[in-house]
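A short write-up of the structure that comes next.
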Amino acid sequence: MIALDTNILARFYVADPADPEAARQRKIAYRLLSESPRVFVPLTVILELEWVLRAFYGFVAEDFVRVVKHLLGLPNVSVEEWPRIADALAWHTEGLDFADALHLLASSHCAEFVSFDDRRFARRAKRLGVKPAVVVPAR
């Protein structure tokens, strides 16, 4: 089994014809994902992939969800903590930041998730009824 980094997945899913290095790397990424008998993708790589696709390539939530679902549909790919990622993807499509959704899901055994500057996160989590409650402490 091989594990893949974010940059391999980004090259697999994003064509960047203006970058000759990217075109070369895309062929390698395609070969790794299509010819390797078993591929492992860590949870942290999925988290970073969302950031890269959004920040550098302008992907919206639906595009990112489509990418991850495609990745999981590949028969040779195993993704760490898939159930948590699936729940985070659902909350992400409903308006939560993907990283925030993962944070909440990892904290599901807690009474509250406390954050200083993220009132928007708190409002969205409350609207969705997700647990634990996101609390912004008074200053």
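Answer with a single label: of [x] 52, 32, 22; [y] 43, 34, 25; [z] 60, 31, 24, which was calculated as Cα extents along the principal axes in Å from the structure in view?
For Cα extents along the principal axes in Å, the calculated option is [x].
By DSSP, what percent of the beta bridges with both residues in the chain are antiparallel, rounded to the nearest 5?
Values: 0 of 8 bridges.
Around 0 percent of the beta bridges assigned by DSSP in the chain are antiparallel ones.
Counting only complete DSSP H runs, which helices of the chain cover 15 Å or more along their long axis at the Cα atoms and score a mean Kyte-Doolittle of 0.0 or above?
Numbers: long enough: 20-35 (23 Å, -0.88); 43-57 (20 Å, 1.22); 61-73 (18 Å, 0.45); 82-93 (16 Å, -0.13).
Correct list, ordered by number: 43-57, 61-73.
Find the accessible area per residue for the chain; the probe is 1.4 Å, ligands and nucleic acids are left out, and the unit is Å². Show your work: numbers first, answer last.
Values: 8140 Å² over 139 residues.
Ligands and nucleic acids excluded, the figure is 59 Å² per residue.
Can you compute the helix-only [θ] at 222 nm over the chain? Use -39500 (n - 2.57) per DSSP H run of at least 4 residues, normalise by all residues, nearest 500 deg cm²/dmol. Could you put the intermediate results ahead of the total?
On the way: 7 runs with 83 residues, N = 139.
Roughly -18500 deg cm²/dmol at 222 nm, from the helical runs in the chain.
Considering all alpha-carbon pairs of the stretch 6-48, what whole percent are spaced by more than 12 angstrom?
Above the 12 Å cut-off, the stretch 6-48 has 59 percent of its Cα pairs.
Which is farthest toward the positive dipole end of the stretch 1-94 among 58, 28, 74, measuring Cα position about the Cα centre, with Cβ charges +1 (Lys, Arg) and -1 (Asp, Glu)?
28
Round to the nearest 0.05 the FRET efficiency obtained for residue 109 and residue 57 when R0 = 35 Å and r is the Cβ-Cβ distance.
Working: r = 35 Å, r/R0 = 0.99.
Efficiency, rounded to the nearest 0.05: 0.50.
Run the quick spin-label model on residue 28 and residue 82: label points 7 Å from Cα toward the beta carbon, then report their separation in nm to one decimal.
2.8 nm
Using a probe of 1.4 angstrom, how much of the accessible area of the stretch 15-82 is carbon and sulfur, in percent?
Numbers: 2400 of 4140 Å².
On the stretch 15-82, the fraction of accessible area on carbon and sulfur atoms equals 58 percent.
Work out the length of the dipole vector of the chain about its Cα centre, built from +1 on the beta-carbon of each Lys and Arg and -1 on the beta-carbon of each Asp and Glu, and round it to the nearest 20 debye.
On the way: 18 positive and 18 negative charges, 53 e Å.
Roughly 260 debye, rounded to the nearest 20.
Would you list which lysines come within 26 Å of residue 27, measuring only between C-alpha atoms, while excluding same-chain residues fewer than 8 positions from it?
Partners found: 69.
With charges only on Cβ, +1 for K and R and -1 for D and E, what is the dipole size of the stretch 33-99 about its Cα centre, in debye, rounded to 20? Walk me through the numbers before you get to the answer.
Numbers: 5 positive and 10 negative charges, 36 e Å.
It works out to roughly 180 debye.
Going out from 0 in 5 Å bins, what whole percent of all Cα-Cα distances in the stretch 1-75 drops into each bin?
Computed distribution, short to long bins: 3, 16, 28, 27, 19, 7, 0.
Relative contact order of the chain: what whole-number percent is it, with Cα pairs under 8 angstrom and at least 6 residues apart? Don't jump to the answer; show the numbers that get you there.
Values: 157 pairs, mean separation 25.2, N = 139.
For the chain, the relative contact order is 18 percent.
The values are calculated or read from the model by the stated rules, or taken from the named source; none is laboratory data. Model, not experiment: these values are computed from the prediction. Note: ideal-geometry Cβ built from the backbone for every residue, glycine included; neighbour counts use all protein chains shown. Just the protein is used for accessible areas: all its heavy atoms, side chains included, with ligands, DNA and RNA removed. Shrake-Rupley method; radii C 1.70, N 1.55, O 1.52, S 1.80 Å.
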